[in-house]
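Report on the structure given below.
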Amino acid sequence: MDICISPKKLHGYINAIPSKSQAHRMLICAAFADQPTTLICPETNRDIEATANCLVALGAGITRLSNGYRVNPIGEVPFRAALSCQDSGSTLRFLLPIAGALGVDTVFQMTGRLPQRPLSPLWEEMERMGCALTRPTADTIRCTGQLQSGDYAIDGNVSSQFITGLLFALSLLPGQSHLQVLGKLESAPYVSMTLAAMEHFGISCKDYCFPGNGRFHSPGTVTVEGDWSNAAFFLAARALGSTIQVGNLNPDSPQGDRACAQLLPMLKNRITISAADIPDLVPILAVTAAANQGAVFSDIGRLRLKESDRVASVIEMLQALGGRAEANDTTLMVYGTGLHGGIVDCRNDHRIAMSAAIAATVCDSPVILLGAQCVEKSYPKFFHDYTSLGGQYEQYLR
């Protein structure tokens with residue numbers, strides 16, 4: 001889907017969509033609970049559906065309701081399973097250790113850039129503790145064997161998703177286990193989200209210690225809170241002069257991306273921001289900075305491992321829109337040149353597409369998005385909400 005967006009401000013009120021990050025975690029907890037769970041999640045997306053479908057393949061019963069999901073927990077696990085992760089890093093990295101804990105002979109199928117995204121050091125730690133992992137094809141991973149209880153250790157500076165996957169897995173193993181995170185934990189708020197979800201289902205793992213044979217306890221009904229990550233796009237539009245109100249956001253949420261509420265007003269001045277805990281916010285913060293006085297983003301290494309090389313994609317997007325940015329190994333520099341319009345290749349990255357769409361609110365010429373359908377990964381109704389606020393776009397014919 002290629003579209004041409006008219007340059008104009010947005011006006012009105014929308015509610016934030018349900019948190020993708022929290023929905024993944026709640027679905028997994030519910031799948032291992034002692035009773036069925038109703039998950040209130042009125043809107044879904046490609047990544048959430050991938051996790052739900054994979055849990056069904058592992059033996060859960062998940063029914064889509066008008067306002068969410070009904071999850072019947074896994075009883076007898078299958079001997080073999082095929083899990084289609086699509087291009088969802090969360091789905092793969094959460095469920096790979098879980099499949100290992102269950103001892104299911106599992107083939108994980110991947111699309112998009114996911115086969116190229118890193119699995120080390122999770123891969124090595126799972127093999128050390130009892131699993132065998134192979135790559136039968138370029139876009140599949142096979143996991144056999146079974147994880148054993150014991151002492152696990154993993155570097156924290158590659159992906160917090162590895163830690164989340166192991167936290168879920170160790171909670172399912174009999175016998176005592178302990179997880180040690182080595183070095184600096186990147187994206188620490190995402191691990192906090194995992195711990196909060198587990199606590200909601202009755203699992204406490206203080207200091208990442210597990211007594212063994214833990215069982216998740218269903219609270220009956222769980223509501224997925226609003227998503228700060230995706231709300232950040234419309235909050236940025238407000239910071240850039242649109243008159244928008246965004247509801248359904250919890251100011252005390254464990255979501256790390258609620259930091260956007262503090263960061264966006266600060267971008268009226270040139271500041272330095274660490275991307276270590278907020279990698280998903282960098283594209284829209286960069287747009288906001290380019291339209292103001294610029295900004296410096298440090299700790300950008302993991303941005304290169306996202307749905308696109310997000311450092312290169314952000315620079316390319318800003319340059320296509322008439323801005324200027326450059327990077328070295330650790331730092332992204334965005335200059336306050338203003339943005340004017342142009343043609344942006346979304347690079348199959350939902351956050352690049354949505355950031356460029358918001359950039360149109362401060363441009364003086366149209367913004368053309370090539371491959372705008374990639375928003376379906378996290379926010380399928382993004383352009384519906386965009387037009388409900390007065391935004392305008394039409395199909396672009398190459």
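What follows is calculated from the coordinates using simple rules that are stated; it is not laboratory data. Keep in mind that this is a model prediction, so the values were computed, not measured. A quick note on method: Cβ atoms are made from the backbone with ideal geometry, for glycine too, and the neighbour counts reach across all protein chains shown.
By the count of neighbouring beta-carbon atoms within 10 Å, fewest first, ASP309, ASP207 end up ordered ASP207, ASP309. Where q = 0.21, 0.22, 0.24, 0.29 Å⁻¹, what log10 of I(q)/I(0) comes from the Debye formula for segment 1-59, counting one point per Cα? Per q value, in the given order, log10 I(q)/I(0) is -0.87, -0.92, -1.03, -1.27. Each Cα pair under 8 Å and six or more residues apart adds its sequence gap; the mean of these over the residue count of segment 1-87 is a relative contact order of 29 percent.
Note on segment 1-86: dipole from Cβ charges, positive end direction compared against GLY12, ALA33, GLY75; the farthest Cα belongs to GLY12.
Judged by the gyration tensor of its Cα atoms, with axes a ≥ b ≥ c, the chain is prolate; a/c meets the 1.5 cut and a/b is the larger of a/b and b/c.
Which of the three applies to segment 20-223, rounded, prolate or oblate, going by the alpha-carbon gyration tensor with a ≥ b ≥ c and a/c under 1.5 meaning rounded? Note, shape of segment 20-223 comes out rounded. GLY103 sits among other residues whose Cβ lies under 15 Å from its own Cβ, and their net charge, with Lys and Arg +1 and Asp and Glu -1, is -1. Net length available on complete extension from SER274 to ARG398 is 40.8 nm, with 0.36 nm assigned per residue and the Cα-Cα distance removed. Partners of LYS8 within straight-line reach, counting aspartates and glutamates whose Cα lies under 20 Å from its Cα and excluding those fewer than 8 residues away in the same chain: ASP364, ASP385, GLU394. Taking other C-beta atoms within 10 Å as the exposure proxy, THR137, THR106, THR337 rank THR137, THR337, THR106 from fewest upward. Distance between the C-alpha centers of segment 131-189 and segment 57-72? Whole Å please. Their Cα centres are 25 Å away from one another.
DSSP beta bridges fully contained in the chain are about 55 percent antiparallel. In the elastic network of the chain, a GNM with C-alpha springs shorter than 10 Å, the most mobile of LEU339, LEU102, LEU318 is LEU102. Here the contact order of segment 20-223, divided by its residue count and restricted to Cα pairs under 8 Å and six or more residues apart, works out to 22 percent. Placing +1 on the Cβ of every Lys and Arg and -1 on the Cβ of every Asp and Glu, with no other charges, gives the chain a dipole of roughly 420 debye about its Cα centre.
Between LYS206, LYS377, LYS20, the GNM of the chain built on Cα springs shorter than 10 angstrom shows LYS206 fluctuating the most.
Which of the pairs LYS20/LYS268; LYS184/LYS206; LYS184/LYS381 have their Cα atoms more than 27 Å apart in this structure? Flagged as over cut-off: LYS20/LYS268; LYS184/LYS381. Extension gain for the segment GLN293 to MET266, taken as residue separation times 0.36 nm less the Cα-Cα distance, is 8.7 nm to one decimal. Ranked from largest, the principal axis spans of the Cα set of segment 18-103 equal 33, 29, 16 Å. Measuring r between the beta carbons of LYS381 and GLN176 and using R0 = 41 Å, the FRET efficiency lands at 0.35.
Taking only Cα atoms, what is the 0 to 90° angle, nearest 10, from helix 350-359's long axis to the longest principal axis of the chain? Between helix and principal axis, roughly 20 degrees. For the chain, the relative contact order is 21 percent, taking Cα pairs closer than 8 Å that sit 6 or more residues apart in sequence and dividing their mean separation by the residue count. Once the Cβ-Cβ distance between SER66 and GLN319 is put in as r, and R0 is 41 Å, what FRET efficiency do you end up with, to the nearest 0.05? Between SER66 and GLN319 the formula returns 0.40.
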